[in-house]
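Visitor: Once you've had a glance at the structure underneath, I'll fire off some questions.
The values are calculated or read from the model by the stated rules, or taken from the named source; none is laboratory data. As the structure is a prediction and not an experimental result, all values here were calculated from the model. Cβ coordinates were reconstructed from backbone atoms using ideal geometry, including for glycine residues, and neighbour counts include every protein chain displayed. Note: areas computed on protein heavy atoms with side chains; ligands, DNA, RNA excluded. Shrake-Rupley method; radii C 1.70, N 1.55, O 1.52, S 1.80 Å.
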Amino acid sequence: MSILVVGSVAFDAVETPFARRDWILGGAASYFSTAASLYDRVNLVAIVGSDFPREYLDFWRERRVNLAGLQIQEGKTFYWSGRYHMDMNTRDTLDTQLGVYADFHPQIPVEYQDSDLLFLANIQPELQMEVLDQAPHARLTVLDTMELWIKTGRARLTEVIKRVDVLLMSEEEVRQYTGQASILAGVRELFALGLKYVIVKQGSYGALLFGADGTYFSAPSYPLEEVIDPTGAGDAFAGGLLGYLSTVRPAPDGTYAVDDLKRAVVHGNIIGSYVCSDFSIDGLRALTMNDIAARYRELVDCSHFDPDWRQGDR
Ligand code: AMP
């Protein structure tokens with residue numbers, strides 16, 4: 001199996017209450033590709049400017065990330081800066097500069113066309129749509145977005161939502177997009193657009209999986225004593241989710257078993273937790289499947305409870 005991703009590859013400037021870094025590798029597709037490549041081959045579709053360091057490209061090549069769909073163009077790489085609050089689930093975007101993304105038109109190389117899983121990571125909804133149009137054979141399509149596109153590209157974003165299977169949104173984005181204070185009411189509105197699943201990311205509180213068929217699952221986050229930089233946790237979450245799904249076999253009609261989706265959400269939370277332990281993608285560089293398995297076991301231990309609660313049942 002292979003996973004196709006389109007999204008931002010960026011330079012970030014990140015400020016937390018405790019530290020600050022500028023010009024570090026960021027971008028939704030960067031986090032996603034680095035995370036998902038722990039599980040499977042990733043086909044990256046993105047653009048960078050002539051200022052983008054070669055060392056990052058070499059790093060991805062070594063990790064099963066196919067760069068045939070990465071355009072390198074004269075100009076500036078996407079730049080984003082943000083500042084986190086003391087509650088690091090909340091942040092303000094200080095600056096977004098599209099750079100070479102302003103005139104980008106993704107071209108899906110022929111060798112990407114049999115990708116089974118498609119992730120539309122955070123970028124202009126127009127570009128997500130162009131990729132969706134060029135990947136009609138994807139068995140599962142998953143969409144992520146961000147506050148900026150909900151504000152400035154809402155109509156186009158809605159068209160993309162109508163064409164995908166799974167939507168990832170933070171709790172705040174569900175409220176922003178639907179205008180509903182209640183997440184359940186917001187998710188109900190989203191299902192009216194034809195989605196099969198909605199996954200609501202709750203930062204350090206974990207993630208919720210909702211199915212149009214009534215599925216509901218709440219996955220805890222991995223408890224971290226120290227968060228260095230939460231940037232990219234959502235994209236790495238998606239990398240863990242799709243990465244895990246690429247390792248399981250769907251039913252002949254292409255649908256995934258609910259238990260596999262639940263496991264995938266837990267993998268997402270685990271990979272997200274590793275990203276938070278350092279700046280940029282550095283928390284993922286040395287990560288192994290054994291590390292992931294250890295956190296998986298811990299999460300099972302800390303969230304499992306006995307279904308028999310009456311004394312007489314014992
Ligand atoms: P996350 O923390 O998972 O929401 O992802 C943050 C990453 O997304 C950062 O590395 C940014 O470079 C990138 N990013 C921020 N804003 C946007 C945007 N409007 N479109 C695409 N990527 C963005």
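Visitor: Let me have the relative contact order for the stretch 182-306, percent, based on Cα pairs under 8 Å that are six or more residues apart.
Guide: Values: 165 pairs, mean separation 28.2, N = 125.
Once normalised by length, the contact order is 23 percent.
Visitor: Of the accessible area of the stretch 1-151, with the probe set at 1.4 angstrom, what percent is carbon plus sulfur? Please report the intermediate quantities before stating the final value.
Guide: Working: 2910 of 6170 Å².
The computed percentage sits at 47.
Visitor: Among bridges DSSP assigns within the stretch 131-246, what percent are antiparallel (round to 5)?
Guide: 55
Visitor: Leaving out ligands, DNA and RNA, and with a 1.4 Å probe, what % of the accessible surface on the stretch 257-308 is carbon or sulfur? Let's see the in-between values first.
Guide: Details: 1290 of 2530 Å².
That share works out to 51 percent.
Visitor: How do 225, 171 stack up against each other in accessible area, from largest to smallest, with a 1.4 angstrom probe?
Guide: 225, 171
Visitor: Just the accessible area per residue of the chain, please: how many Å² with a 1.4 Å probe?
Guide: 45
Visitor: Which Cα, out of 265, 227, 210, lies furthest along the positive dipole direction of the stretch 152-266 (beta carbon charges, K/R +1, D/E -1)?
Guide: Going by the charge dipole, the pick is 210.
Visitor: Percent antiparallel among DSSP beta bridges with both residues in the chain, to the nearest 5?
Guide: 40
Visitor: To continue, here is another question. Relative contact order of the chain, please, whole-number percent, based on alpha carbon pairs below 8 angstrom and at least 6 residues apart.
Guide: Normalised by residue count, the contact order of the chain is 17 percent.
Visitor: Now, a different point. Taking Cα centroids, how far is the stretch 6-24 from the stretch 176-237 in Å?
Guide: 23
Visitor: Quick one: how many lysine pairs in the chain have C-alpha atoms under 18 angstrom apart, if they're 8 or more apart or on different chains?
Guide: Lysine pairs satisfying the spacing and distance rule in the chain number 4.
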